[in-house]
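Values quoted throughout were computed directly from the atomic coordinates according to the rules given, and no laboratory measurement underlies them. Because the structure is a prediction, the values reported are computed rather than measured. Methodologically, a virtual Cβ is constructed for each residue, glycine included, from the backbone with ideal geometry; neighbour enumeration extends over all protein chains shown.
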Amino acid sequence: MSDELREATLKCVAEHRTPEMKEKWDRVKQPYGSTDLEASKKLCQLRKEAKESGAPKLELFTEEEKAAFRKVLAACTTAKP
């Protein structure tokens, strides 16, 4: 995904996420970057490397949190500019 597309998606998600989602993301992203884009790219890279190496999957979010995020993401990726 290009940085421009990722940035637009992150901006949309930031505008539609719940306060709880924002709080959790702010805690999760701290060690991985100062911006949403930086942290998102680093977490994606780490997830890819872990998958390729066969390392156990690190679960940062509950199933309920993932479902809420997927709803926001779906709305953002299907919205027309």
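Among Lys51, Lys11, Lys22, which one moves the most in a GNM of the chain with springs linking Cα atoms closer than 10 Å?
Fluctuation is largest for Lys51.
Where the only charges are on Cβ atoms (+1 Lys, Arg; -1 Asp, Glu), what is the dipole of the chain about its Cα centre, to the nearest 20 debye?
160 debye
Can you give me the angle between helix 63-78 and the longest principal axis of the chain, using Cα atoms only, in degrees from 0 to 90, rounded to the nearest 10?
Long axis of 63-78 versus the principal axis of the chain: about 50 degrees.
Near Gly54, within a Cβ-to-Cβ distance under 14 Å, what is the net charge of the other residues, with Lys and Arg +1 and Asp and Glu -1?
With Lys, Arg at +1 and Asp, Glu at -1, the neighbours total +2.
Taking the chain as the reference, fit the longest principal axis to its C-alpha atoms, fit the long axis of helix 36-53 to the helix C-alpha atoms, and give the angle between the two in degrees, 0 to 90, nearest 10.
That works out to roughly 40 degrees.
Farthest toward the dipole's positive end in the stretch 1-75, which of Thr62, Thr35, Leu5, given Cβ charges of +1 (Lys, Arg) and -1 (Asp, Glu) about the Cα centre?
Highest projection toward the positive end goes to Thr62.
Just to confirm the filter: which GluC sites (Glu not before Pro) across the chain are DSSP coil and have at most 10 other Cβ within 10 angstrom of their Cβ?
Sparse-neighbourhood loop GluC sites (Glu not before Pro): Glu59.
Output the relative contact order of the chain, whole-number percent, from Cα pairs under 8 angstrom with separation of 6+ residues.
Relative contact order comes out at 38 percent.
List the aspartates and glutamates whose Cα lies under 18 Å from the Cα of Lys66, skipping any in the same chain that are fewer than 8 positions away.
Glu15, Glu20, Glu23, Asp26, Asp36
For the chain, which cysteines have no second Cys with its Cβ under 4.7 Å from theirs?
Within the chain, the cysteines lacking a partner Cβ under 4.7 Å are Cys44.
How far is helix 19-29 tilted off the main Cα axis of the chain, in degrees rounded to 10, range 0 to 90?
On a 0 to 90 degree scale, this one is about 40.
Can you give the translational diffusion coefficient of the stretch 3-78 in µm²/s, computed by Stokes-Einstein from the Kirkwood radius over Cα pairs at 37 °C and 0.692 mPa s?
248 µm²/s
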